[in-house]
């Protein structure tokens, strides 16, 4: 089990879409569509010193350029510091 510290939040990002269009046309592998600066993520775990309450499973909005991927013992962890979280999405 991974436990983040120093205001880091362990997150899961949505899977990247495949290189196809809505009409089903396959695009070249080197084609890069315009990406949004922000994305949603799901909280897996948060450090104890995070400055606001983040329970596992909560959906948040993060700055994608500040997301870090750490590979430890062939296991990939996606992390972001709490100050790069723009908001928490509430479910209705």
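The values are calculated or read from the model by the stated rules, or taken from the named source; none is laboratory data. Predicted model, so just to flag it, every value in this text is computed and none were measured. Cβ coordinates were reconstructed from backbone atoms using ideal geometry, including for glycine residues, and neighbour counts include every protein chain displayed.
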Out of 48, 22, 68, 36, sole residue that is modelled with pLDDT of 95 or more and loosely packed, with under 10 Cβ neighbours inside 10 Å: 48
Positions within segment 56-65 being surrounded by fewer than 11 Cβ atoms within 10 Å (Cβ to Cβ), in contact with a strand residue (DSSP E or B) (Cβ under 7 Å, 6 or more places away or on another chain) and over 10 Å from residue 10 (Cα atoms), in sequence order: 57
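Just the residues that are out of contact with any helix residue (DSSP H, G or I) (no Cβ under 9 Å at 6 or more places or on another chain) and surrounded by 17 or more Cβ atoms within 10 Å (Cβ to Cβ), please, taken from segment 79-92.
79, 82, 85
Could you list, in sequence order, the residues of segment 1-14 that are assigned to a loop (DSSP other than H, G, I, E, B) and either modelled with pLDDT of 90 or more or closer than 11 Å to residue 50 by Cα (or both)?
Matches in segment 1-14: 2, 3, 4, 5, 6, 7, 13.
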